[in-house]
Structure formats: structure tokens, C-alpha cells
Amino acid sequence: MKDMKHFELLAGVGKAIDHPLRIAIVQYLLEVGQPKCVTHLADKFNRTQSIISKSLAKLESAGLVKRYKVGVFVRYGIPDVEKTKTLLECLNYFAQKKAEYHSAILGE
């Protein structure tokens, strides 16, 4: 069995994606397939640069996005596309299960 430190690290990844905007940013970066700057992401999601920067910092600390320096510009992209796709597939699977549960049990 893994020790608690390992589970704390896993929980940290969970916390990094515990907001819909952060999941949307990861999904978008996967879809476009190339790093994007904060300004572009702020425009895309109709959020302030500050909110996007804070979201990217949380995602970066969990290893879900990586900062790429291009001259004086900083862009953010997905460092491990296949693993990130797998993570989102798992999230989608469990979201579907949750929706089915609510539909069957709660009649929603």
C-alpha cells in the first residue's frame, strides 16, 4: 500500500482540477494542440488575465500544464498529451456515472 504522502500528491492533482474553468482550460489546450498565452486564454474564456493566471498556476503546480518561454512571451501547453487525455476520459466517465445516478435515483 502506498503511504499517505502519495495520496496527498494525488489529492493535490484533484484540487488542481476542482474548478470547471481549469478543466475547460486543459481541454482547450488539448484540442488546439499548441501552447497559448494568458491573454488568448482570457479572451477565449471571457475571464480576466488574473483569473486565468491563477488557474494556470494551480494546473502547473500539478503538472497538468507547462510554461513555455518563447522570446519574451510565456505560453502554456500540455506537457503529456496522452496522459492528460486519459485523465479527462476518466473524469468524463465518472461524470457520466454521476449523471446516470442522479437520473435513476433522484429522478433529475
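Just so it is clear, none of the values below were taken in a lab; they were calculated from the coordinates. Remember, it's a predicted structure, so these values are computed and weren't measured experimentally. Note that each Cβ is placed from the backbone with ideal geometry, even for glycine, and that neighbours are counted across all protein chains shown.
Condition first: more than 20 Å from Leu9 (Cβ to Cβ) and in a loop (DSSP other than H, G, I, E, B). Can you find one or more residues in segment 72-79 that meet it? Don't jump to the end; show me each part of the working.
Restricting attention to segment 72-79, the residues satisfying the condition of being more than 20 Å from Leu9 (Cβ to Cβ) are 72-77.
Now narrow it down to the ones that are in a loop (DSSP other than H, G, I, E, B): 72.
Yes, some residue in segment 72-79 is more than 20 Å from Leu9 (Cβ to Cβ) and in a loop (DSSP other than H, G, I, E, B).
Since Lys83 meets every condition but one in (1) outside any helix (DSSP H, G or I); (2) among the charged types (D, E, K, R); (3) under 23 Å from Ala95 (Cα atoms), which condition does it not meet?
All conditions are met except number (1).
Surrounded by 14 or more Cβ atoms within 10 Å (Cβ to Cβ), of a type outside the set (Gly, Ala, Ser) and within 10 Å of the chain's Cα centre (by Cα): does that describe Leu59? Spell out the reasoning first.
Numbers: surrounded by 14 or more Cβ atoms within 10 Å (Cβ to Cβ): yes; of a type outside the set (Gly, Ala, Ser): yes; within 10 Å of the chain's Cα centre (by Cα): yes.
Answer is yes for this residue.
What residue, among those in segment 45-56 that are out of contact with any helix residue (DSSP H, G or I) (no Cβ under 8 Å at 6 or more places or on another chain) and of a type in the set (S, T, N, Q), is surrounded by the most Cβ atoms within 10 Å (Cβ to Cβ)? Full working, then the answer.
Keep residues of segment 45-56 that are out of contact with any helix residue (DSSP H, G or I) (no Cβ under 8 Å at 6 or more places or on another chain), which gives 46, 50, 54.
Now restrict to residues that are of a type in the set (S, T, N, Q): 46, 50.
Working: Asn46: 6, Ser50: 10.
Among them, the one singled out is Ser50.
Can you name the residue in segment 70-108 that is of a type in the set (D, E, K, R) and within 30 Å of Val38 (Cβ to Cβ) and, of all such residues, is nearest to the chain's Cα centre (by Cα)?
Going residue by residue through segment 70-108, those that are of a type in the set (D, E, K, R) are 75, 80, 82-83, 85, 89, 97-98, 100, 108.
Checking which are within 30 Å of Val38 (Cβ to Cβ) leaves us with 75, 80, 82-83, 85, 89.
Details: Arg75: 15, Asp80: 12, Glu82: 14, Lys83: 12, Lys85: 10, Glu89: 12 Å.
Checking each candidate, the answer is Lys85.
Here are the criteria: (1) of a type in the set (A, V, I, L, M, F, W, C); (2) assigned to a strand (DSSP E or B); (3) crowded, with 16+ Cβ neighbours inside 10 Å. Tell me which single one Ala42 does not satisfy.
Status for Ala42: all satisfied but (2).
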